[in-house]
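Everything below concerns the one structure shown next.
Every number here is computed from the coordinates shown, using simple stated rules; none is lab data. Just so we're clear, the structure is a prediction, and the values are computed from it rather than from any experiment. With ideal geometry, Cβ positions are generated from the backbone for all residues, glycine too; neighbour counts draw on all protein chains shown.
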Amino acid sequence: MLSRTAENLYWLARYVERAEYLARTIDATLRVTALPATYIGKTNEWDSALLTAGVGASFYEAYSEANEQNVVEYLAFSPSNPSSIKNCIEAARLNSRSVRTALTSEMWDTINSAWIELQEVWGKGTSTREELAKFLRFVQETSLRFDGSAYRTMLRNDAYWFSRLGLHLERADNTARILDVKYHVLLPEEEHVGGPLDYYQWTSILRSVSALTAYHWVYRETLKPWLIADLLILNDTLPRSLASCYSNLVRNLDQIGVAYGRQGAAQRHARGVRNRLEHSHMDDIFQHGVHEFIQEFLADNSRLGEIITKQYLI
Amino acid sequence: MAVAFDEMNGLGGDLRSAYQELSRWLKETPPDALEYRRQEAELLFRRIGITFAVYGDAEAQERLIPFDVIPRILSAKEWTLLEKGLKQRVRALNMFLRDIYHGRDILRANIIPEDLIFQNPVFRPEMNGQNVPHDVYVHIAGIDIIRVDADNFIVLEDNARTPSGVSYMLENREIMMRLFPDLFARHRVAPVEKYPDELLAALRSVAPLSASAEPTVALMTPGVYNSAYYEHSFLADKLGIELVEGRDLIVKNDEVFMRTTEGLKRVDVIYRRVDDDFLDPLTFRPDSALGVPGLMSAYAAGNITLANAVGTGIADDKAIYSYMPDIVKFYLGEEPILKNVQTFRCREPKDLAYVLDNLSELVVKEVHGSGGYGMLIGPAATKATIEAFRDKLKREPEGFIAQPTLALSTCPTCTASGLAPRHVDLRPFVLTGSNHVTIVPGGLTRVALKEGSLVVNSSQGGGTKDTWILDE
């Protein structure tokens, strides 16, 4: 297929995934900030929402205070934030238009309808909590529909695989960034002066990667920070864990390699990251430092993006 | 202006036979049912994303072309005549182009003045003496036809560069069949769905000699911001070929390749929807970011077929148009089946004098204009506009032609106040391959939605209709 088509499919999936992640982040932050101050302590949750979205610096160029109104506006609707939900959906539609021939009509319809709704219903943003909740649900449902229609209607060829690469790369990045911002509340008890405050931070993290219920099914325990880290980093059965994202990246890259009769740097690099995740234990990671581990992972992940681009997309 | 011929009721109000069943159906169908389906059609168009952009209109970067649900119907007999005339005309266009860029017999026979060719900005000296595969220049032609009475179809304009609109012909039919299955069951409408297959066959048949037995065809678009982008992606999809932009292509050793995820892949035929000027920055406009450097040299080396060929603008120029009847006679030795609109060449003093004396009754067009822009419709214009045109004509007479205001036929159309006659034209699409000319039965009917308006262009408030050719 055309390199540009592959590139558009890859970015289309990234934008949709990012929009959903931002919606989840806002949703989780709203829940935490709704709690009385004695439950969440003094941290500014809206600040950390900006950090997990990776837009902390650019936000303060436009606003002086990170409060609900400003952060929601910036993350969801701001035209000046290149990765606001609004811009993600617009970029997704533009990418879809460029590769219409590679999309199934169901996928096109999902993105096009979302884009129309974005303008007709959400053009002026939201003014109440209820509207905001509705908007966030709309974004998550768009992502689910898009993902579902890709899964159910696309031919299993390179177009599908490149779209999956974008999705899993973006997802790994998002999960890793949440961990990076919140790692201090995930340290084992003896190293951490935590209290009941952290409980709500933990549920918030799990919520933003839709893993709260999954946690209980996997561990059948009360929330423990190192188990949360284990779930999000190493547990292959959780779709948003780093391990699961890399299983998928390796598999999709292998499929491309087989179809093209050639492997390359992307396949090797992805396999390397996957192997490291497979052979890691949480003990070692804590010993090594969660922060350092995540930093290395983020660098590896964005390196994979560069390699894929060089190998296939230009 | 004469009373317009109505496709349904003729001149005297007698129902014409092709419309009998439709008329009966319209009487049985309550108006709100019609309105409901009209809204449904609009919703479908929007969801599919069939939009076009209007240049200079920031408000509506993407707009829907209004679709009118009342079909325009032609009988088999009418179509047979049209088809014959269209094929004849397009054969002549191709022979004319071959001649202009080679022997120039027609100039030596003094049928067309030389300066009309050589002084013409759409004449491409790069094409002099260059052979194109099978001598086909215009692979896809869109011929704009108007009807003035029961018997006469007249060519208003030949589009031999990158005619658009065929996606509407195909999508209009799809939507009509979805919305009005009952109406189709009562008619025998000739299908149009073979168009993509016929187009692909025509494109493959003109692949260069150096191509493999399975030539690779691609459709080249200026990109998503082009007004006809929807059509480009639609056609690429229907043809099952890659939709490429200039940046996807690269020329190496006079061969054209596209960049794919598996490396470079040779392209043999490009159905290009990019104007000549933007094809190759090394040959034409150096500032073009849409083109492919070196494309023209690959073309000259005979390693790529461009459809349509470069330089076809000289055949559909409005100044050349008035010579089309002579062109048909010269190359084919036949009388033209389809007539031209009587055309005054303002470059000729006698014609200019007549035009200046009769401005309020004529339509004046820029020779190089298109899309309905920059024209004067005398009977509808204000005094001031007419005087402005008079000045322009005196200053630069060779830039204009003039034609009598024709009463385009009308067809019943949904309006705010119920069904009413609106003026229509017709653009059938004529395909030329290595040894055959084909036309799917139908075309794009454009309708001027404003009462009394004669301008059918979508950029100026025109809409479209499904065009039915009834099978005997």
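Average partner chain C-beta neighbours within 10 Å, per residue of A:2-11?
That average works out to 4.
For the residue pair residue B:460 and residue A:260, what label-to-label distance in nm results when each label sits 7 Å from Cα along the Cα-to-beta-carbon direction?
5.0
Nearest 20 debye, what's the magnitude of the dipole of segment A:221-314 about its Cα centre given +1 on Lys and Arg Cβ and -1 on Asp and Glu Cβ?
Details: 10 positive and 11 negative charges, 107 e Å.
Here segment A:221-314 has a charge dipole of around 520 debye.
Tell me, what is the FRET efficiency for residue B:265 and residue B:350 to the nearest 0.05, using R0 = 41 angstrom and their Cβ-Cβ distance as r?
Efficiency, from the Cβ-Cβ distance: 0.10.
Enter the per residue convex hull volume of segment A:64-105, computed from alpha-carbon coordinates, in Å³ rounded to the nearest integer.
In segment A:64-105, the Cα convex hull volume per residue is 67 Å³.
Can you show me the helix-derived [θ] at 222 nm for chain B, built from DSSP H runs with n ≥ 4 at -39,500 (n - 2.57) apiece and divided by the number of residues, rounded to the nearest 500.
-9000 deg cm²/dmol
Report, in debye and to the nearest 20, how large the dipole of segment B:226-267 comes out about its Cα centre when Lys and Arg carry +1 and Asp and Glu carry -1 on their Cβ.
The dipole magnitude comes to about 100 debye.
If you place +1 on the Cβ of every Lys and Arg, -1 on the Cβ of every Asp and Glu, and leave all else neutral, what size is the dipole of chain B about its Cα centre, to the nearest 20 Debye?
Its charge dipole is roughly 160 debye.
If you take each beta carbon of peptide A:110-118 and count the beta carbons of other chains within 10 angstrom, what is the mean? Intermediate results must be reported in sequence, preceding the final value.
On the way: counts 0, 1, 4, 3, 0, 1, 3, 0, 0.
Rounded to a whole number, the mean comes out at 1.
Give the calculated FRET efficiency between residue A:303 and residue B:435 to the nearest 0.05, with a Förster radius of 41 Å applied to their Cβ-Cβ distance.
Values: r = 56 Å, r/R0 = 1.36.
With a Förster radius of 41 Å, E is 0.15.
Calculate I(q)/I(0) for segment A:189-314 by the Debye formula, one identical point scatterer on each C-alpha and no solvent, and give its log10 at q = 0.11, 0.12 Å⁻¹ to two decimals.
-0.46, -0.53
Run a plain Debye calculation on chain A (Cα atoms as equal point scatterers, no solvent) and give log10 I(q)/I(0) at q = 0.08, 0.13, 0.15 Å⁻¹, rounded to two decimals, same order as the q list.
Calculated log10 I(q)/I(0) at the listed q: -0.36, -0.97, -1.27.
Could you work out how far apart the two model spin labels at residue B:177 and residue B:214 are, taking each label as a point 7 Å from the Cα in the direction of the beta carbon, and quote it in nm?
2.8
Of the peptides B:217-229, B:13-25, B:408-420, how do they stack up when ordered by the mean number of other Cβ atoms within 10 Å, highest first?
The peptides rank, most packed first, as B:217-229, B:408-420, B:13-25.
May I ask for the distance between the Cα centers of segment B:157-202 and segment B:310-327, given as a whole number of Å?
27
Can you pull out the trypsin sites (Lys or Arg not before Pro) in segment A:43-126 that DSSP calls coil and that have at most 12 other Cβ atoms within 10 Å?
Sites meeting the loop and neighbour criteria: A:124.
In a shell of Cβ-Cβ distance under 15 Å around residue A:4, excluding residue A:4 itself, what net charge do Lys and Arg (+1) and Asp and Glu (-1) give?
Working: positive: A:97, A:100, A:310, B:247, B:259, B:265; negative: A:7, A:158, B:242, B:245, B:248, B:262.
With Lys, Arg at +1 and Asp, Glu at -1, the neighbours total 0.
Taking the Cβ of residue A:148 as the centre, find all other residues whose Cβ is under 14 Å away and add up their charges (Lys, Arg: +1; Asp, Glu: -1).
-3
Which whole number gives the average, over all residues in B:239-247, of C-beta atoms from other chains lying within 10 Å of the residue C-beta? Spell out each step's value before the answer.
Values: counts 1, 1, 1, 6, 8, 3, 3, 0, 3.
Mean shielding count: 3.
So how far apart, in nm, are the two label points at residue B:135 and residue A:62 if each is 7 Å from Cα heading toward Cβ?
6.3
Projected onto the charge dipole of segment A:75-152 (+1 at Lys/Arg Cβ, -1 at Asp/Glu Cβ, origin at the Cα centre), which of A:102, A:148, A:82 gives the Cα projection farthest towards the positive end?
The residue sitting most towards the positive pole is A:82.
Normalized C-alpha radius of gyration of chain B, against 2.2 N^0.38 Å? Write out the running numbers ahead of the final one.
Details: Rg = 22.4 Å, N = 472, 2.2 N^0.38 = 22.8 Å.
Normalised by 2.2 N^0.38 Å, the Cα Rg of chain B equals 0.98.
I need the peptides B:357-366, A:244-253 ranked by packing, meaning the mean over residues of other C-beta atoms within 10 angstrom, with the highest value on top.
Top to bottom by mean Cβ count within 10 Å: A:244-253, B:357-366.
Report the FRET efficiency, 1/(1 + (r/R0)^6), for residue B:287 and residue B:11, where r is their Cβ-Cβ distance and R0 is 45 Å, rounded to 0.05.
Efficiency, from the Cβ-Cβ distance: 0.25.
Got a sec? Charge dipole of segment B:168-252, +1 on Cβ for Lys and Arg, -1 for Asp and Glu; which of B:251, B:168, B:212 is way out at the positive end?
Going by the charge dipole, the pick is B:168.
Taking 0.36 nm per residue of separation and subtracting the Cα-Cα distance, what length does fully extending residue B:105 through residue B:420 add?
That pair, residue B:105 and residue B:420, stretches by 108.4 nm at full extension.
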